[in-house]
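The values are calculated or read from the model by the stated rules, or taken from the named source; none is laboratory data. Bear in mind that the values here come from a model prediction, so they are computed numbers and not experimental data. FYI the Cβ positions are ideal-geometry reconstructions off the backbone, even for glycines, and counts take in every protein chain you see.
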Amino acid sequence: MKHIIRKAFFDFEKEEKFLNEMSANGFALTDYSWCKYIFEDAPKDEYIYRIELLGHPMDHQESRDYLQFMEETGAELVTSYNKRWIYFRRKAADGEFAIYSDIDSKLNHYNRILILFWAAAGLNLFVGLINLLLGAFTASISRPPINSYVSLISFSIFILILLFLIIPLNKKIKGLKTEKEIHE
C-alpha cells in the first residue's frame with residue numbers, strides 16, 4: 001500500500017534521519033518530489049537511506065560513473081530530485097552504509113550544498129534589490145508599492161536562508177576542517 005507524507009526539510013541529515021525512521025517503522029521510500037514522500041509497506045528496518053547532492057546533473061558522465069560505482073557497492077538509486085539530489089538505499093542486512101569514507105569527501109559534499117544555498121540567497125537578494133528600485137520608481141509615479149512589498153519578502157527570505165541554512169552549514173564545515181587538522 002502507498003503512503004504519502006508531505007514534509008519539508010532543509011537539512012539533508014535530518015531528512016536522512018526521517019527516512020531511516022520511516023524504514024524502522026516498515027515504510028520504504030519509492031519516490032520523492034518537492035516536499036512529497038511516497039512510501040510503500042516493507043519489512044521493518046529493511047533499508048538504510050542516504051542522500052547526496054551530486055556535483056553534476058545525473059546525465060553528466062562523472063555522475064553516471066559515480067552512480068554505477070554506488071550500484072556496484074550494493075546501493076540502489078531510489079529516486080532523484082532535479083537530477084542533482086539523489087536518494088540511495090541499501091539493505092540493512094548488508095551492514096553499515098556510508099557514502100563518505102573520509103572528511104574530504106564530506107567537506108566536498110557540504111561545500112556543494114553551501115554553494116546551492118548561497119545561490120538561492122543571492123537570487124533573493126538580487127530580486128529584493130531590483131524590486132526595491134522598481135518600488136522607488138513606481139512610488140514616484142503614484143503607483144501602489146507592490147514592488148516594495150516583494151522587496152521586503154525577498155530580503156526576509158535572504159535573511160532566513162542566511163540564518164537557518166548558511167550559518168549552520170558553515171559551522172559544520174568549520175568543525176570538519178578542525179577535525180581534519182587534528183587528524184593530520
Note: among Asp65, Asp31, just one is modelled with pLDDT of 95 or more, among the charged types (D, E, K, R) and assigned to a helix (DSSP H, G or I), namely Asp65
Just for the range 108-139: of the residues that are of a type in the set (A, V, I, L, M) and within 18 Å of the chain's Cα centre (by Cα), which one is nearest to Asn170 (Cα to Cα)? Leu114
Tell me which of these Asn108 doesn't satisfy, since it passes every other one: (1) of a type outside the set (Gly, Ala, Ser); (2) crowded, with 16+ Cβ neighbours inside 10 Å; (3) closer than 30 Å to Tyr47 by Cα. (2)
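Conditions tested, residue by residue: (1) in contact with an Asp or Glu (Cβ under 6 Å, 6 or more places away or on another chain); (2) modelled with pLDDT of 95 or more; (3) buried (at least 16 other Cβ atoms within 10 Å of the Cβ).
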site	(1), (2), (3)
Asp102	no, no, no
Gly135	no, no, yes
Thr138	no, no, yes
Ser151	no, no, yes
Phe155	no, yes, yes
Leu160	no, yes, no
Ile167	no, yes, no
Lys171	no, yes, no
Of (1) touching a residue at least 60 places away in the same chain (Cβ under 8 Å); (2) of a type in the set (A, V, I, L, M, F, W, C); (3) part of a strand (DSSP E or B), Ile51 satisfies all except one. Which? (1)
